[in-house]
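Rule-based calculations on the coordinates, nothing more; no lab input. All values reported here derive from a predicted model rather than from experimental measurement. Cβ atoms come from the backbone with ideal geometry, glycine included; neighbour counts cover every protein chain shown.
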Amino acid sequence: MRKLLREPLVHFLALGAVLFGIGILRGDAAGPTSDRIDITPGVTERLLEGFRRTWQRPPTEDEFRGLMEDYLKEEVLYREALAMGLDRNDQIIRRRMRQKLEFLTADVVESFEPTEEDLQAHLDTNADLYRQEAVISFSQVYFQERSDVANARARALSMLQDLKRNPHTDPETIGDPFMFPAVHRDMRERDLLGVFGEEFASQLLELPVGEWSGPVTSAFGLHVARLDALESGRPSELAEVHDAVYRDLVSKRTREADQRYFEGLLSQYTVTIEWPEGMEPVSLPGVVP
Amino acid sequence: MPKIDSMKSITRSIAQWKSIARWGVIAVVVLLSTAVEASAQLPPPPDGVLSSAYQGTQYSPYAGRGFPSRVYWGDTHLHTGLSFDAGAFGNTLGLEEAYRFARGEEVTTSTGQLARLSRPLDFLVIADHSDNMGMFLDLVAGKPNLMADPLGKEMYERLKAGDGVNVALDLIRMFSQGGIPPGMTYAPDSKPFKDVWQRIVDAAEAFNDPGVFTAFIGYEWTSLVQGNNMHRVVIYRDDGDKGRQMVPYTMTPPLGSPNPRDLWRWMERYEEQTGGDVLAIAHNGNLSNGIMFPLEAQYDGRRLDAEYVTNRIKWEPLYEVTQIKGDGEAHPLLSPDDEFADYENWDVGNLDLSVAKSSNMLAAEYGREALKRGLQIEAALGTNPYKFGLIGSTDSHTALATAQEDNFFGKHTGYEPSPTRMDHDMMTGPAGTVTGWMSVASGLAAAWATDNTRTAIFDAMERKETYATTGSRLAVRFFGGWEFTEQDMNSRQPAFAGYTKGVPMGGDLPARPSGASAPTFMVYSLRDAQGANLDRIQIVKGWLGDDGRTYEQVYDVAWSGDRSIGSDGKLPPVGNTVDVANANWTNTIGASELGTVWTDPDFDPDQRAFYYARVIEIPTPRWSTYDAFRFGIPIPDGAPTSTQERAYTSPIWYNPN
């Protein structure tokens, strides 16, 4: 499994490949030694035109922001590629990139291997994500409301009194016909929600343990219910969720490193954008307007 | 080193697919009024107490019985960016995102939107296309072997130039027609293919969480003959130790074949070699142009024989009857008396729209008709090849298993929510055009299983204790036997009587006891806890007449409200509360549950027959109506404003012998 989890690290391959693709694509940008990026109206309009050709419509504002971000990223990476001389010849590019990325990947895999302390810290910060779900045991007796709502309530209340007097009555034998069993042992919270719905679940969890109560409402009708046992949800111990935490942390670090790598490169540039006439500027992350 | 992530970034950057429209997608379901005035067919028990109905010896009536008491929800047919067509269309999401989304987590889609399911799924089969697994990744990366092929080189150049959509369409067209040059074909024995398969198995292993979430190992065998669809999803009961031992079967010769007989041979070999267990589920007979359910001869002219019919039913216990590319239960031309048959059908042409549909093709394309044909073939050859149960699934290529009308993310990445997705021409060919709005927000697979594990759910599939829905999570039980009575339906848990006195959906009626004049069926349904009320339950019967021809009849057996069957034999419509302008509805009509015991009034003990239940919800807004409301755009011409979601159970069969 760990092998699989490391694979997002090949994001670096992606960056490298972008260097490769873009270096060939862009013939109109400034030279590799320049640290200025000037986005002229012509560039912006060409991006818009490209989008329109593909999609038969203008981009939305968010899509347009995406186009601009992408262009900027391409521009930066392209220049880096040029600076490295990657633009000379396909074969050379391929070999050079491979060496570089293999180096990077190897390096990165080592530094991403989380320690147990890292995992614990990640778990602590994201305790909610890894909570152990509540486990609920309960009994319910169903009363359908279709034919007569008031009557259903009356029947439920009367049954509740009966059950209080005779707590050993088998709940599977009473009430109206129902799709699901009366007695549920050790049901996880998500299953309770999935089967009985949120309305029922939220009321059930508030009931006193071991006591017939109600009626409780659900999407289906009325229920007299007894909460038999409730093992509340709780934060997990690392051992219980070790694999999931490991998988998520490696994945997160990879994404962050990916982003840092780009931001580091971007920060070496001064970016100015001259917006086409009549166009509202949009803000781009990492670019000072 | 697998290259999927490099594909992601390059595809995105080259094809400029990164649209970042972040309108938050609302997975919150509008809370509805639950006031229900309608009366249903379930009478309340006279005194509210039926202690005599309980037969159990244990406190927990399920203990020791092995009955499934819960229905589990899943999608058995989902594609990620690993599928060559999905990747080319711009899907940058991989296996991990697909599993996370299905488990109920929020993910960012390939077009930058936030998406989440209203409720998690219980199980998922990621079924990426086996043919050319890994090829598109390498094409994007400009691998030398592909660059050596003139077409590969050309496509690579076009990808670089931002022409990704058209490259994708060309690839699909060529694949459909068998035109991908040998130099670009990735055979199952190639390294990239094997690498991708390892990744798929590894991911299923990582996300499989017995008792909580089942991640099946699986793939799609993408058989196409001149664009006619005979696709199957292959699902493994097994864990990775077995799944890794063999690579998937493809349709490309010499290592693969488009002939289902060869797929069955592969499945046989897999089981022999690994001791494992696999099954296959066909889908989209509606795009097969008459070759999915042959009556006499296969697409290649070879006659159906004992080998074909026994293998087909041995390996294919289920059929995926409803999905994004059309609902395939029934067609109005095949079932002119069924007013619900005209439902989200796709009948323009075959998969790539290279050949138009003609009406004589339909009988070999639709689920109900195939069930009928199965009776005919059984009479002739001794085995019913189409004795399948039913499930629905999405066939989504976005890595997002969405089937709910109010949370629908479309067929592929180009059809994620946007103001223009409904009007795009989705597919165009000589046969005609399929427009974006025609996509169907469907379906789901429901399994009555004893637990949420690979083995328990797979076993439910093999015994066909499953049903299809078009996206809602309504619960349905369907039992057949010879002596069900109203009393069984009125017992606290009708399922006890169901299992002890009869068989559940997917089964065969027990031998007819002497004196029994007609089979009885107990059917009941409970609405989706977050969804719409129920309109009616129907039982669909198909049978083989003495004249050797097949017949069908749809019976309304339980319905909401104070309606009665008219002189035309039809139950009046339930009504419609859909507020089209606001994409809303109320549960003020319909019933939260329906059920009855029904006896076949037209039973002939000498005739082979099958029976299945169809449960229909009250009208709710179609996904296109939600799109119109949320984007403030008109509903396209031809798009229905509301839809009646439904469930199709697996049949129960009667055999006179």
The stretch A:133-231 - charge dipole about Cα centre, Lys and Arg +1 at Cβ, Asp and Glu -1, debye rounded to 20: 300 debye
Give me the percent relative contact order of chain B, please, defined on Cα pairs under 8 angstrom at least 6 residues apart. 15 percent
For the protein assembly as shown, what proportion of DSSP beta bridges, expressed in % and rounded to the nearest 5, is antiparallel? 80 percent
Enter the angle in degrees (range 0 to 90, nearest 10) between the Cα long axis of helix B:306-315 and the first principal axis of the Cα atoms of chain B, meaning the one along which they spread out most. 90 degrees
Working from the pairwise distances between different alpha carbons, so that the mean of 1/r is found and then inverted, what is the stretch A:133-231's Kirkwood radius in Å? 13.3 Å
Which whole-Hz couplings ³J(HN,Hα) result when phi for each residue of the stretch B:231-237 is put into the Karplus expression 6.51 cos²θ - 1.76 cosθ + 1.60, θ = phi - 60°, listed in order with x for Gly and Pro? 4, 9, 9, 9, 10, 9, 7
For the stretch A:133-231, build the charge dipole from Cβ charges (+1 Lys, Arg; -1 Asp, Glu) around the Cα centre, then report which of A:PHE143, A:PHE220, A:MET187 sits farthest towards its positive end. A:PHE143
In terms of the Cα gyration tensor, with a ≥ b ≥ c the square roots of its eigenvalues, is the stretch A:241-282 rounded because a/c is under 1.5, prolate because a/b exceeds b/c, or oblate? oblate
Under the rule rounded for a/c under 1.5, else prolate if a/b exceeds b/c, else oblate, using alpha carbon gyration tensor axes a ≥ b ≥ c, the stretch B:397-486 is classed as prolate
For the protein assembly as shown, just the Cα set please: Rg and Dmax, both in angstrom. 28.9, 96
Taking a ≥ b ≥ c as the square roots of the eigenvalues of the Cα gyration tensor of the stretch B:404-554, is the shape rounded (a/c under 1.5), prolate (a/b larger than b/c) or oblate? prolate
Relative to the compact-globule scaling 2.2 N^0.38 Å, provide the ratio for the alpha-carbon radius of gyration of the stretch B:228-296. 1.20
Let's see if you can work this out: charge +1 on each Lys and Arg Cβ, -1 on each Asp and Glu Cβ, no other charges. What is the dipole magnitude of the protein assembly as shown about its Cα centre, in debye to the nearest 20? 1180 debye
When the Kirkwood radius is taken over all Cα pairs of chain B, what Stokes-Einstein diffusion coefficient follows at 20 °C and 1.002 mPa s, in µm²/s? 85 µm²/s
A:GLU49-B:PHE631 FRET efficiency (beta carbon distance; Förster radius 22 Å; 0.05 resolution): 0.40
Could you let me know the centre-to-centre spacing of the stretch A:110-135 and the stretch B:125-167, using Cα atoms, in angstrom? 38 Å
Grab the Cα-Cα distance for B:THR500 and B:ARG173, subtract it from 0.36 nm times how many residues apart they are, and report the gain in nm with one decimal. 112.5 nm
The stretch A:133-231 - percent relative contact order, Cα under 8 Å, separation 6 or more: 44 percent
Suppose R0 equals 56 Å; then what is the FRET efficiency for A:GLU277 and A:THR217 from their Cβ-Cβ distance, rounded to the nearest 0.05? 0.40
Farthest positive-ward along the protein assembly as shown dipole, Cα basis, beta-carbon charges - from B:GLN404, B:GLY374, B:TYR343: B:GLY374
Extension gain B:GLN553-B:ASP300, at 0.36 nm per residue separation less the Cα-Cα distance, in nm? 87.8 nm
Projected label distance in nm at B:GLU271 and B:ASN166, using a 7 Å step from Cα toward the beta-carbon: 4.8 nm
Taking amide hydrogens as modeled 1.01 Å from N in the peptide plane, which residues meet the under 5 Å criterion relative to B:ALA449, leaving out close sequence neighbours? B:ARG70, B:TYR72
Reduced to Cα centres, the span from the stretch A:253-289 to the stretch B:381-436 in Å works out to 38 Å
If the viscosity is 0.692 mPa s and the temperature 37 °C, what translational diffusion coefficient in µm²/s does Stokes-Einstein give for the stretch A:184-267 when Rh comes from Kirkwood over Cα pairs? 199 µm²/s
Mind giving me the FRET efficiency for B:ALA581 and A:THR125? R0 is 45 Å, r the Cβ-Cβ distance, nearest 0.05 is fine. 0.50
Relative contact order computed over the stretch B:445-571 (Cα-Cα under 8 Å; 6+ residues apart), in percent: 20 percent
Ratio for the stretch B:299-382, C-alpha Rg to 2.2 N^0.38 Å, reads 1.19
So what J values fall out for the stretch B:322-337 if you push phi through Karplus, 6.51 cos²θ - 1.76 cosθ + 1.60 with θ = phi - 60°, rounded to Hz, Gly and Pro as x? 8, 6, 4, 8, x, 8, x, 6, 9, 10, x, 6, 8, 10, x, 8
Karplus-derived 3J(HN,Hα) from phi for the stretch A:278-283 (6.51 cos²θ - 1.76 cosθ + 1.60, θ = phi - 60°), whole Hz, x at Gly and Pro, runs x, 9, 5, x, 10, 8
May I ask for the Rg/Rh ratio of the stretch A:189-233, computed from Cα atoms with Rh as the Kirkwood radius, given to two decimals? 0.94
Check: C-alpha center the stretch B:589-617 vs C-alpha center the stretch B:488-517, spacing in Å is 13 Å
For B:ARG265, B:ARG116, what's the fewest-to-most ordering of other Cβ within 10 Å of each Cβ? B:ARG265, B:ARG116
Among beta bridges that DSSP assigns inside the stretch A:133-231, antiparallel share in %, nearest 5: 95 percent
Here is the link list: B:LYS143/B:LYS242; A:LYS252/B:LYS325; B:LYS194/B:LYS464; B:LYS153/B:LYS325; B:LYS153/B:LYS191. Which ones come out longer than 28 Å on Cα distance? B:LYS143/B:LYS242; A:LYS252/B:LYS325; B:LYS194/B:LYS464; B:LYS153/B:LYS325
Residue separation times 0.36 nm, minus the C-alpha to C-alpha distance between B:THR485 and B:THR420: what's the value? 18.0 nm
Looking only at aspartates and glutamates whose Cα falls under 15 Å of B:LYS372's and that sit 8 or more positions away or on another chain, we get B:GLU296, B:GLU329, B:ASP546, B:ASP547, B:GLU552
